[in-house]
């Protein structure tokens, strides 16, 4: 589950991470009020206005309707309302969104932290994530903050610092100091960075997150270390023990079909293809998607109805898949282990009749317990549903349907 920047910063602040202070707003009027409050709290006279969407690259992104960037600077209090109005309600397109972009419902009014002082401010990159290959957490850092880390990794891999953390032991002091040294820091800035890394790791562990990304981490001109941006991805499987974080979920930022599927207890991910897939089991789903591609089609989705599939879950899956206008055929691929194939077949027939007016062909491949009985139910239904027993037969039927 992703959360917004303003939410992520509040989470970090709760663990002792120094952040760029800000106040969220939903209207231009609220944005002006937020700027007044921020000026009173921090003394800032310049204000950074940041679009709040679940995507990176906002500073380089553009609002379709107004041409405004997703992150702008207001050098006067009087400009905050006008500049916020050019962002709020608009559609922001960035390198991490689709061409359609995302609607901006909120902006973060943040303090200016690039103030003059004894030294020049310096931006760094830092993230903590799970390295599944090693079963460890890894801190990634770079002196090239503010840039796309993928670009840095491709063109300057030597500038990527990595420090692996054994999750059984946790972050050790020498590891935080090592990262700070490799970033070229010394004196007060080094001590501040060590504290920052320790607090950031505590937040990562304490929130059951799979990724924390801070880009940039700023060394201010007076050697403070703070998070100017924050991207947090919380492990969905841990939300049951993170109720406060679960409340931060913004459904408006998620695909409506994925939200609907979740409410029905289905695992669904929308893709860009033309063959809707409904399968019981993630491994079988991946094999089914490969089969669709080999048959000349493209998967329109990943949809796992689970081992206890029944008429209700099958119908819910049908309704979700059929809402995708790109779907030209539906392939149901079920292995009858926990659930019998004849029950799935009956569920398909009942769901088809309940929905009615299904205008795309449906191929049902059943294998396992009572597969033959299930195929007979499909064949005798009189509906536009075709049975298959083998993967090859299913692939041929999918190809013929496209």
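Here is a list of conditions, (1) surrounded by 18 or more Cβ atoms within 10 Å (Cβ to Cβ); (2) within 11 Å of residue 108 (Cα to Cα); (3) in contact with a helix residue (DSSP H, G or I) (Cβ under 7 Å, 6 or more places away or on another chain), and residue 5 meets all of them except one; can you say which number that is? Of everything listed in (1) surrounded by 18 or more Cβ atoms within 10 Å (Cβ to Cβ); (2) within 11 Å of residue 108 (Cα to Cα); (3) in contact with a helix residue (DSSP H, G or I) (Cβ under 7 Å, 6 or more places away or on another chain), residue 5 misses just condition (3). A single entry from 231, 224 fulfils the requirement of being assigned by TED's automatic domain parsing to the domain that holds residue 130, within 30 Å of residue 73 (Cα to Cα) and modelled with pLDDT under 95: 231. Residues in the stretch 147-194 that are outside any helix (DSSP H, G or I) and under 23 Å from residue 224 (Cβ atoms): 147, 161, 163, 171, 183, 184, 185, 186. Going by the conditions given, is residue 344 touching a strand residue (DSSP E or B) at 6+ places or on another chain (Cβ under 7 Å) and surrounded by 16 or more Cβ atoms within 10 Å (Cβ to Cβ)? Yes, satisfied. Only one entry in 364, 360, 349 is assigned by TED's automatic domain parsing to the domain that holds residue 292, assigned to a loop (DSSP other than H, G, I, E, B) and modelled with pLDDT of 85 or more, namely 360. Only one entry in 250, 236 is closer than 30 Å to residue 147 by Cβ, surrounded by fewer than 16 Cβ atoms within 10 Å (Cβ to Cβ) and touching a residue at least 60 places away in the same chain (Cβ under 8 Å), namely 236. Look at (1) in contact (Cβ under 8 Å) with a residue 12 or more places away in the chain; (2) on the phi < 0 side of the Ramachandran plot; (3) surrounded by 18 or more Cβ atoms within 10 Å (Cβ to Cβ) and you find that residue 103 fails only one, number (3).
Applying a threshold of 6 Å to beta carbon distances and a minimum spacing of six or more residues, or different chains, the list of pairs starting in the stretch 164-177 at a residue that is assigned by TED's automatic domain parsing to the domain that holds residue 205 and ending at one that is modelled with pLDDT of 95 or more and part of a helix (DSSP H, G or I) reads 171/201; 176/194; 176/197; 176/198; 177/194.
The values are calculated or read from the model by the stated rules, or taken from the named source; none is laboratory data. A quick note: this is a predicted structure, and the numbers were derived from the prediction, not measured. Don't worry about glycine lacking a Cβ; one is built from the backbone with ideal geometry, like all the others, and counts go over all protein chains shown.
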